Each structure stands twice: as C-alpha cells, then as structure tokens.
1. Just to be sure I understand, how many residues within the range 44-60 are surrounded by fewer than 22 Cβ atoms within 10 Å (Cβ to Cβ) and not in a helix (DSSP H, G or I)?
2. Collect the residues in the range 59-72 that are within 20 Å of residue 37 (Cα to Cα) and over 16 Å from the mean Cα position of the chain (by Cα), keeping them in residue-number order.
3. Which condition breaks for residue 39 when tested against (1) under 14 Å from the mean Cα position of the chain (by Cα); (2) at pLDDT 95 or above?
4. Which residues, counting only those in the range 95-119, are in a loop (DSSP other than H, G, I, E, B), within 14 Å of the chain's Cα centre (by Cα) and either within 19 Å of residue 36 (Cβ to Cβ) or among the small types (Gly, Ala, Ser) (or both)?
5. Just to be sure I understand the filter: pairs with C-beta atoms under 6 Å, separated by 6 or more residues or on different chains, first member in the range 99-117 and of a type outside the set (A, V, I, L, M, F, W, C), second member in a loop (DSSP other than H, G, I, E, B). Which pairs pass?
6. Can you tell me which residue within the range 66-79, out of those that are out of contact with any Pro (no Cβ under 9 Å at 6 or more places or on another chain) and outside any strand (DSSP E or B), is least open to solvent (accessible area, probe 1.4 Å)?
7. Where residues in the range 123-144 are of a type in the set (Gly, Ala, Ser) and open to solvent by 30 Å² or more (accessible area, probe 1.4 Å), which of them is farthest from residue 20 (Cα to Cα)?
Amino acid sequence: MGIIALHDRPTERKLSCERKFKILLVDDSPDYLELFQIYAKKRNLDVEVVSCGEKALEALAQRTFDCLVLDYMLPDLSGREIVEALRNRPQFKKTRNLPVIVISAVTLPHHKLKKLHEAGIQLFLPKSFSIGELLVVVENLCFAAKFNNQERRGRGRQRDWYDLAAKQLRKFN
C-alpha cells in the first residue's frame, strides 16, 4: 500500500467572506487597536477603531456595522452603558440586533456579567484569548446574525446562506 500524500496547506488558515463584514472595535489601548486591525485585514474584515465610548456611539449612529467588539472599561463610558444606549435610545434603532462582544482585561463578578447580558450582549470574553480566536468568534457572530436577519425576511434566502457557509468551510479546510 502506497503512502497517501496530503495536499499542501497554507501555514495560515484564512476564512474570508464574500462580503467584508464591518466591525467596530472600541478599546482604549492603541496597541490592541493596531494589532486587531492587522489580524482582521488578513481575514478580510473591515474594521473601524475608536478609543472611547462617545466616539463609538457617534460611529454607530452614523454608520452600519455587522458586529461591535467593545472593551468593558473605557475612559468615559462603561461597556454596559454603551450597550444600554444601543438597545434603548431611539436613534440607535438600527443597532438593536447588532451582535456585541464585550472584552475585558479583568474578570467581572457574576452580577456585572448578568447585567451585561440583560443589556443585550451576546458574549463576554476575558482578554486572555488570542486576537485570532476573537476574530473567529466575531466571524461566527456575523454569519449567525446574517442568517438570523435572512430568517426574519423569509426562508427564501436560507439556501444562499448555506451555500456561503459551505464555501467558507471549504476555504478553511
């Protein structure tokens, strides 16, 4: 029996999207913002970065994003305050279903995590994860939100989403 040769695989796995997902990253660390942008570009994600809560709210009021990645501790507003504004203020009606990931360098007590989830976040992550891992989570939330939006508009486009997901999996493998 002969040896089966495996196809050469690139050293870096890249899952890119047909349409770039637009991500808003809010963090007060310039190094983290820069590193996130570098990794996101490799994954074909379009990232806008801001360093405070007020700038995040301005960006969200003016532009459309597929996902919000938000540091919990910012100089002006907490992550919870930003999420509550997005979910409750009339000017942010278009962001009510926006996937939100809150990240933090500190572990939050249970009661604060509960309040974040009640405010409407999808996920809380401590900053012990790699940026590559975070980007996989971001992409998954973007795909899930896209699918859920299509479900709300009707099942007619569900097949398109499955085709896109299958195509992305083939690229990943």
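1. The number of residues fulfilling the criteria is 7.
2. none
3. Here residue 39 clears every test but (2).
4. So the first thing to find is which residues in the range 95-119 are in a loop (DSSP other than H, G, I, E, B), and the list is 96-99, 105-109.
Add one more test, that the residue is within 14 Å of the chain's Cα centre (by Cα), and what stays is 97-99.
Result: 98, 99.
5. As it stands, the answer is 99/122; 104/72, since those pairs meet every condition given.
6. Only one residue fits best here, namely 79.
7. In this case the residue turns out to be 128.
The values are calculated or read from the model by the stated rules, or taken from the named source; none is laboratory data. Predicted model, so just to flag it, every value in this text is computed and none were measured. Neighbour counts run over all protein chains shown; Cβ positions are idealised from the backbone, glycine included. SASA here: full protein model, heavy atoms, side chains in, ligands and nucleic acids out. Shrake-Rupley method; radii C 1.70, N 1.55, O 1.52, S 1.80 Å.
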